1. May I ask you to list pairs of residues, at least six apart or on different chains, whose Cβ atoms are under 7 Å apart, with the first in region 287-303 being on the phi < 0 side of the Ramachandran plot and modelled with pLDDT under 90 and the second being of a type in the set (D, E) and open to solvent by 60 Å² or more (accessible area, probe 1.4 Å)?
2. Suppose we keep only residues that are within 14 Å of the chain's Cα centre (by Cα) and free of Cβ contacts under 8 Å to residues at least 40 places away in the same chain within region 65-105. Which one would you say is most open to solvent (accessible area, probe 1.4 Å)?
3. Which of the strands (runs of 3 or more DSSP E) contained wholly in region 19-102 include at least 3 residues that are more than 23 Å from S258 (Cβ to Cβ) and modelled with pLDDT under 95?
4. For region 139-146, does any single residue satisfy the condition of being at pLDDT 95 or above, within 20 Å of Q118 (Cα to Cα) and more than 13 Å from the chain's Cα centre (by Cα)?
5. I'm trying to understand the selection: among the residues of region 137-165, which are part of a loop (DSSP other than H, G, I, E, B) and open to solvent by less than 40 Å² (accessible area, probe 1.4 Å)?
Amino acid sequence: MKKILLLFIALTFNNIQAQEVKTLTYFQNDTLKLDLDLYLPKKKSNEKIPLIMFAFGGGFSGGERTSEKNFGMFMAENGYAVASISYSLYMKGKDFGCKGTLTEKIKAIQIGVSDMWQATSYLIENADKYDLDTSKIFISGISAGAEIGFHASFWDYKLMNLYKSNLPENFKYKGFIGGSGAIQDINLITKEKAIPMLLAHGSNDDTVPYSAGSHRSCPTNASGWLILFGSYAVYNQMQDLHKDVELITFCGGGHEFSGYLFHDGQQYVLDFTNDVLKGKKFESHLIVPSKKEKGSGKYLFCD
């Protein structure tokens, strides 16, 4: 038994070592330095490597880019590069909830999105150095990171970017992977701008709304009141547009499922990215029954 355990540890260690991780500075000025960790497949084929941009969660006030090492390693093991970025935590020491300020909350998202755009443009500019395929760049994130991903995909780059504009003209991400994220305006997702999506969300999330609702479940008279459109609203929008989308709903679940796709659901991400690159068409809604006594009365499919 001991020999088997030692063999397992050795194989696991060798598998991790089979991947390559580089820490790179993608943005720097007089007051700010931002890094990313680039996970690369060790064994490279003759083909360029598809890339997944990743933003961690933490309410724009906390979190670390190193929090999803296992996800980076898993995708690198399966032929993908993953860039897990640091971004400006504008809300650190501030209230990102109901007692906060609406303009500050939106500014936090805009700064995070601008950082993501800078990280993306940096890797495009250095693509040859790392054998990256700039036509196959996905974007992903958890919670606040998923909000970055949504808005980076659909905001007007020329209007909302806060830094030097250096993304290629008409750049589009190849697809979006979001854990419990939301977008400010559902109408930003149009037939022309839509990209394939893989989304996961708890139907009873009171932090980031599963459908249309207020951020942190704030009342309308709160200074930090902000309407957001979550994964289920986006799923319905994508269905109406006849665009590729997959949604995993955890009936009765809350915000604790925000990291599911990057922890227990990594295979879903791999299957999704592979299907997108193969040009497959898809639309699905996977409903995970609640382990609680009741699901969510708002949605018949949860009863």
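The values are calculated or read from the model by the stated rules, or taken from the named source; none is laboratory data. Here the structure is a predicted model, which means the values were calculated and not measured. Glycine also receives a Cβ, built like all others from the backbone with ideal geometry; neighbour counts cover every protein chain displayed. Ligands, DNA and RNA are excluded from the accessible area calculation, which covers all protein heavy atoms including side chains. Shrake-Rupley method; radii C 1.70, N 1.55, O 1.52, S 1.80 Å.
1. The qualifying pairs are G295/D303.
2. In this case the residue turns out to be S67.
3. Details: elements: 19-28, 33-41, 49-55, 81-85.
Per the criteria, 19-28.
4. No - not one qualifying residue is present in region 139-146.
5. Keep residues of region 137-165 that are part of a loop (DSSP other than H, G, I, E, B), which gives 143, 155-156, 161-165.
Passing the criteria: S143, W155, N161.
For every residue, the table says whether it meets (1) surrounded by fewer than 21 Cβ atoms within 10 Å (Cβ to Cβ); (2) outside any loop (DSSP other than H, G, I, E, B); (3) touching an Asp or Glu at 6+ places or on another chain (Cβ under 7 Å).
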{"position": "N221", "(1), (2), (3)": "yes, no, no"}
{"position": "L228", "(1), (2), (3)": "no, yes, no"}
{"position": "V234", "(1), (2), (3)": "no, yes, no"}
{"position": "Q239", "(1), (2), (3)": "yes, yes, yes"}
{"position": "H242", "(1), (2), (3)": "yes, no, no"}
{"position": "T249", "(1), (2), (3)": "no, yes, no"}
{"position": "G252", "(1), (2), (3)": "yes, no, no"}
{"position": "E256", "(1), (2), (3)": "yes, yes, no"}
